[in-house]
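The values are calculated or read from the model by the stated rules, or taken from the named source; none is laboratory data. Everything numeric here is computed off the predicted structure, so don't read it as measured data. So basically every Cβ, Gly included, is an ideal-geometry build from the backbone, and we count neighbours across all protein chains shown. Please note that ligands, DNA and RNA were not included when accessible areas were found on the heavy atoms of the full protein model with its side chains. Shrake-Rupley method; radii C 1.70, N 1.55, O 1.52, S 1.80 Å.
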Amino acid sequence: MTRRAHSVPVVETTSVAVAAASSRRQRIVRLRDLDVAPENLRFGEPPDADIPELAATIKAAGLLLFPTVRPGRRKEAAFMVLDGRRRLLALRLLRDAGDIDDDHPVEVFEETDRARQAAAVVLTNTAAPVHVADVVAAIGRMLNARLTVTAIAQALGYADVEIKRLAALSALPAIALEALKAGRMTLRQARLLARLKDVDEQVDLARAALDGHGFQDWRVTERLDESRVTTRDPRCALVGPDLYAAAGGRTETDLFGELPPVLLDLDLLTAAWMKRAREIAAVLEGEGLEVHVTAGPSPDLPDDLELLGYVHGGALSADEMAAWREARDRYDETVEAVESGDLGEDAVGRLLPMIRARIARDQAGVGDRAITVLVMGPSNRTGVEVRCYAPVEPEIEPAESQDGAAEFPPAADPVYAPPMAPAPEPDIEGVNHALHATRTDVATRGLIRALADDPGTALTALVARLFTALAVRGGVARTEAALAISVRPFAPTGGRVVESLDGHVRERLDARRADWEASGETVIGWVHGLAHDDRMALLAELTAITLDLREERTTLVRRSARAEAAELAALCGAEITRHWTPDAPFLQPHSRPLLLGMLAAMGDGHDGAGALKKTELVERVAEQAAARVWAPASLCWTASPDAVQAGDGPGDGGHDPASGGGEGSSGDPEGAGVFVVTPAGEAALARAAA
C-alpha cells in the first residue's frame, strides 16, 4: 500500500543485483522532481483510458516495477522518466485525488551513462526483474482492495485467465509464498499446492519445503487422484466429449491448464460407454456368442473357460500356423485403422471389423475348439478391448503300457542332505499375490531366453534334472525343481508370452518343426542327422522352454527352485535387459509408490512424476527403462539378498547394465540392484556401453 509523506529527503542506495553497473543507481526521489523525458517513446501522448485503473492498482499494491530515469538537464525536472510514463501519470492522478502529495517518495533506477539511457528508452526491462511471488502477493492486495479481475487484467496488460491463476496462488498461505520466493518450491509445485482444499495441509507441505525437506508432490497428487476421473479415462475413447455432454455430463477444466479436464458425472460416463458397447455386443450375440460387457472388474467366468491369446506352432501344422499369422496381421491392420480415425457416431460400424478380426485370429489358433464367450471392456487405444474365451481342452490321460508303468515308492527321509546353492529371498513386502505371480512369471521367461542361448548350461540343467529325478530322489514334484521334464512347455494360465523373451524361443522351435516336416524323416532320424551345434542348440531351446519358476502367491515361495535358478542364471550370464525392458503390461499391476521407486532407482527423480495419472506414470517408467536399458532387481535371479531386499519399494533397485550394474558398482549408490557379472555379462555391458 502506498503511504502519504509530506517531506522526504532524497535517499540514495546501491542495488546488489546491479552492483556491476556503476552508472546505474537505485534512488528514492520526490514525485515533484519527476517528469517525462522527451526521448520517451510515448512522450506527448495523452493519458490513456486505463490510467485510472493503473492508479487504483498502485494505490492497492504499490509500485512493483520502478521507473527508469536520467538526471535532468538545464530547465528540465531533476529526474526525467525514460521508462515508466504511465506509472508517473497514475501517481499524478493519485496526487490530484488527494491520496498522495508532491513529496510522495518514488523509488526509481537512475541511469547516468548515455548509452544505457538510450537502451532504457527501448528496452523496458532494464529494471531488476520482479519475483513471481511478489506479483502474486500484489494481486492478492489488489483483490483485497475490491478490484475486479477484469480491472486488474486491463491495468497490468494481462489476460483475465492469467489474473485468475495469480489470484488462486494469492490464496496460498504466506509460508507457501515465502518458500516460493526462497526457491524451495517451484511455480509448478505452488500451482499443485493451490489445488488442495485443506489449508492445514498446504501449510505443512510448504513448511517442509521451506525447511529444506523438499516438496512431496505425491501427497498432493494422491489426494487429487482419490476420486478424480479425467478425459484420459479408457471409457472416453468410445464416449467422446460431445456424447458425454449430450448425456448431461459436466466437465471441470484445470485453471492452470496443466491437467486434463475432470469428468464430474462418472455414472453418466459409464452409462454412455455401456450403451455404445452393448450396441456392439447385440450384433455379436446375434451371431451366437455370449458377450459380457463391463466397464469395471472382469466378470466371474466358469473355470472350464480358457483365455485365448498368443499362439505358437507347437500344436499347429505349418498350414495352420500360416493361417494364424495371416489372421494376426489382418487383426493388426484393423486396429491401426481404428486408431487412425475418430470413432464418431459410427462406432459400431468401425469397431465390428476389428472385433471380428480378433475373434478370427484367436479362433485360428485353437483349431476345432470354438470361441463361445467374449468379454468387452474399455480401451484407450480402440475404445473397446475384447478378450476371447473357449472351453478348456480336455487333458488326455496317458495309456498304461502293456507291462505296466513303474511306480516310484514314496521317498523316505533322506539320510544325506545335499547342499543348496545360495539364492535371494523374494521381496514380498507390500506385494500382493497377483503381482508376485507376474514378477516370477516374467523372470522365468527371462531365464528361458538366457538358457536357450547357452546350450552348454542347458545340457547341464537337463542332465542334472534327469539325474535328480531318476537316481537321487525318484519322482520330484514341480515345486522342488526349476525344470519340469514331464514334458510340458511353460504356459501358465493368466501369463502372457513376451515376444522378445520366450516368444523368440517358441518361434525358433516352430522353424525347426517346419524343417523336420519338410525332411520326411522320422524325428530320431532327423535329430541324429543334425550337425552337433544345431543339435545342441535344439537341446538348449527344448530344455529352456520347460523352465517353470512362476510363484502364484507370496506364501508359496519355491526356495529349492530359486536356488537352482540362481545357479543357472549365473552360469549362463542371464541379463534380461539384453532382450527386454519393463513394458506397460508388466508395470500396470505395480502400485504408484513402486513405480515412483523405479524412477528413483533409474535416477529420474520425482520431478513431475508425482502429478501423473497411473497410466501416464506406467508409460514414463517404460520409456525410461527402455532408454536406460534397465529392469528391476526382482527380475534378476542372481541378485544378492540385500539388493533384492532393498528393491522394488520406494528406492527400488534395478538392473541397469548401462550404469555398470556389477557388484559394488558405483552406478547404484544405495546398493539396490547389485549383480554378479559373469563373462557373458561383461560382454553385455560392453555392448550396452557401445
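Observations on the structure shown:
- Compactness relative to 2.2 N^0.38 Å, alpha carbon Rg of region 492-596: 1.38
- Full-stretch length increase - residue 144, residue 203 - with 0.36 nm per residue and alpha-carbon distance subtracted: 19.1 nm
- Point-to-point label distance, residue 579-residue 222, nm (Cα→Cβ direction, 7 Å offset): 3.7 nm
- In terms of overall dimensions, region 134-188 has a Cα radius of gyration and Dmax of 11.4, 32 angstrom.
- Remark: spin-label model distance residue 369-residue 627 equals 4.2 nm, labels positioned 7 Å along the Cα→Cβ axis.
- Close amide-amide hydrogen proximity is noted between residue 293 and 376, each under 5 Å apart and 5 or more residues distant or on a separate chain (H modeled in the peptide plane; Pro and chain starts excluded).
- Calculated FRET value between residue 267 and residue 181, using beta carbons and R₀ = 60 Å, to 0.05: 0.85
- Extending 7 Å from the Cα toward the beta-carbon at both residue 74 and residue 252 defines two label points whose distance is 6.6 nm.
- Of the trypsin sites (Lys or Arg not before Pro) in region 217-258, those whose Cβ has at most 12 other Cβ within 10 Å and which sit in DSSP loop: 250
- For region 164-239, the list of GluC sites (Glu not before Pro) that fall in a loop by DSSP and count at most 11 other C-beta atoms within 10 angstrom reads 226.
- All Cα-Cα distances of region 217-279, cut into 5 Å bins from zero to the largest, leave 4, 17, 28, 24, 13, 9, 4, 1, 0 percent in each bin in turn.
- Rh (Kirkwood; distinct C-alpha pairs) - region 585-636, Å: 10.9 Å
- Extension gain for residue 616-residue 333 works out to 99.3 nm (0.36 nm per residue, less the C-alpha to C-alpha distance).
- Region 187-326 - convex hull of the alpha-carbon atoms, volume per residue in Å³: 238 Å³
- Maximal additional length on extending the residue 102-residue 535 stretch stands at 145.7 nm, based on 0.36 nm per residue less the C-alpha distance.
- Taking the 1.4 Å solvent-accessible surface of region 32-89 as the whole, the part contributed by carbon and sulfur is 55%.
- Probe 1.4 Å, accessible area per residue of region 539-584, Å²: 34 Å²
- Among the listed pairs 181/614; 275/613; 59/197; 59/164, those whose Cα-Cα separation exceeds 24 Å are 181/614; 275/613; 59/197.
- Debye-sum result for region 244-394 in log10 I(q)/I(0), which assumes one identical scatterer on each alpha carbon, at q = 0.11, 0.12, 0.19 Å⁻¹: -0.52, -0.60, -1.21
- Loop trypsin sites (Lys or Arg not before Pro), region 128-193 (other Cβ atoms within 10 Å of the site Cβ: 12 or fewer; DSSP): 146
- Applying the Karplus relation 6.51 cos²θ - 1.76 cosθ + 1.60 with θ = phi - 60° to region 559-566 yields 3J(HN,Hα) values of 5, 5, 5, 5, 4, 5, 4, 5 Hz, where x marks Gly and Pro.
- For residue 298 and residue 50, a Förster radius of 56 Å and the Cβ-Cβ distance give a FRET efficiency of 0.35, rounded to the nearest 0.05.
- Rounded FRET efficiency, nearest 0.05, which uses the C-beta distance separating residue 591 from residue 283 and R0 of 60 Å: 0.95
- Rg and Dmax over the alpha-carbon atoms of region 291-365 stand at 14.9, 43 Å.
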